[in-house]
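Chemist: Once you've had a glance at the structure underneath, I'll fire off some questions.
The values are calculated or read from the model by the stated rules, or taken from the named source; none is laboratory data. This structure is a prediction, so every number in the text was calculated from the model and none was measured. All Cβ positions, glycine included, derive from the backbone under ideal geometry; neighbour counts span all protein chains shown. All accessible areas refer to the heavy atoms of the entire protein, side chains included, with ligands and DNA or RNA removed. Shrake-Rupley method; radii C 1.70, N 1.55, O 1.52, S 1.80 Å.
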Amino acid sequence: MDNEKEVIANAKNDPEAFGRLYDAYYQPVFGFLMNRTGNIEVAKDLCSETFFQALKNIHRYKYKGKPFKSWLFAIAVAQVGNYYRSRSKMLQVTTDECPELVAREDFQPDFALNQTEEEEQIQEMIVLMKKHVKQLNQKQQTVLSLRYFSHMTIPEIAATIHMKEGTVKSHIHRATKKLQV
């Protein structure tokens with residue numbers, strides 16, 4: 001973003017100026033959150049909360065070699081952590097436990113009825129990939145998501161999750177090794 005420092009300075013005094021930051025970073029933040037949660041509605045909620053927290057706390061942001069993008073993604077990473085912590089305290093109900101709901105037509109997505117064989121295979125591969133990624137620890141999942149889905153550089157990731165660059169590289173290496181097995 002051109003003149004990012006100026007936009008941030010204006011956003012500290014004018015919430016409407018924050019809209020330029022929102023427009024610039026909504027898609028990458030949403031993509032990261034979608035990748036980490038696998039749920040569009042949850043990702044939307046977490047993205048809204050991320051930007052709300054950023055707007056509320058923008059007066060605290062000071063450029064100290066850490067770009068705004070890293071600061072914003074650090075908030076998003078914290079939102080994912082909060083989501084999974086709160087989710088672990090919830091009672092999960094599987095579709096096996098409530099077949100009467102699953103049988104109702106209004107709970108069956110239309111796209112599932114119209115999928116081609118190729119789309120079904122792609123969907124199966126995505127489910128398999130997500131299953132394997134979920135076997136990684138949270139830090140490794142976050143680092144891989146930031147690197148390969150949010151296209152962040154190693155220094156940006158290090159700044160986002162407050163970790164040394166060598167440690168980030170190590171997490172990426174170990175996680176990709178685990179996924180190759």
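Chemist: Taking the range 12-25 on its own, how many of its residues are in contact with a helix residue (DSSP H, G or I) (Cβ under 7 Å, 6 or more places away or on another chain) and either open to solvent by 30 Å² or more (accessible area, probe 1.4 Å) or at pLDDT 90 or above (or both)?
Modeler: Result for the range 12-25: 7.
Chemist: Moving to a separate point now. What are the pairs with Cβ atoms under 8 angstrom where one residue, in the range 125-144, is under 22 Å from PRO155 (Cα atoms) and the other, located anywhere, is at pLDDT 90 or above and open to solvent by 90 Å² or more (accessible area, probe 1.4 Å)? Sequence gap at least six, or different chains.
Modeler: Once the first residue is under 22 Å from PRO155 (Cα atoms) and sits in the range 125-144, its partners that are at pLDDT 90 or above and open to solvent by 90 Å² or more (accessible area, probe 1.4 Å) give GLN140/ARG174.
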